[in-house]
Every structure is written in structure tokens, then in C-alpha cells.
1. When the stretch 34-53 is examined, which residues are found to be modelled with pLDDT under 75 and either surrounded by 11 or more Cβ atoms within 10 Å (Cβ to Cβ) or basic (Lys, Arg) (or both)?
2. Whether any residue in the stretch 64-82 is of a type in the set (Lys, Arg), assigned to a strand (DSSP E or B) and touching a residue at least 24 places away in the same chain (Cβ under 8 Å) is what I want to check.
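The values are calculated or read from the model by the stated rules, or taken from the named source; none is laboratory data. Keep in mind it's a predicted model, so treat the numbers as computed, not measured. Virtual Cβ from ideal backbone geometry, glycine too; neighbours counted across all protein chains shown.
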Amino acid sequence: MWHNGDSLQERIETRRRPASGRQSAGLDFRPRHPLADCVFKNIDRVEIKGRFRGEICVVGHDERHTVENLCFQNVVRFGKTVTAESPDVTITEYTRNIRFETK
């Protein structure tokens, strides 16, 4: 839990925003908080590639609602190690220090 009672999932949901607009599938993507200092570790997308591509989108909203200091450690999608240059990885403005590591 975060200092205001939000869970990590709630904070991640507030940071994701589809490129086509601010709402998708009935979810509201208005930014509420910055997201910072998180590690996503040992994630392996192993199912057959289909409609869900296993994409990673790191999107900050503005200077007050940034995404900073994220580390994706040992993340694999469909058998390939994910890097910042991998297909289906998008890192946009208002982000800082987004790292991909293999340990």
C-alpha cells in the first residue's frame, strides 16, 4: 500500500493511458499520482502470441504526473528478453530513468 492507501495496481492503472484517448474499456485514465521507484522482476509472458501482445507502455502524463526510476528486471515475452528497443515497448515523454536489466 502507498501512503494514501492506493495499491500498486491502482497506481499502475492511473499511469496507463491509451494513445487514442483517456478512456478505454470503461477505465478512467486520469492521472492521480506520479509513479516512481518500482521494480518489475522475473516476469515471463509465455502463452501463444495472439490478441494480447504483452506490450509494455511507459507513459507519463505531464511534468507533475511523471513515471520515474522504473526497472524491468528479467522480463521475457514470448521467449525473448525484453529491452527498451524490443518490439511492443513504448517509452514516451514525461518519463525518466526507465531501465531494462537481465540478472
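1. Of everything in the stretch 34-53, those that are modelled with pLDDT under 75 and either surrounded by 11 or more Cβ atoms within 10 Å (Cβ to Cβ) or basic (Lys, Arg) (or both) turn out to be LYS49, ARG51, ARG53.
2. Step one: filter the stretch 64-82 for residues of a type in the set (Lys, Arg), giving 64, 77, 80.
Then keep just the ones that are assigned to a strand (DSSP E or B); that gives 77, 80.
From the residues that got through so far, the ones that are touching a residue at least 24 places away in the same chain (Cβ under 8 Å) too are 77.
The answer is yes, given that some residue of the stretch 64-82 is of a type in the set (Lys, Arg), assigned to a strand (DSSP E or B) and touching a residue at least 24 places away in the same chain (Cβ under 8 Å).
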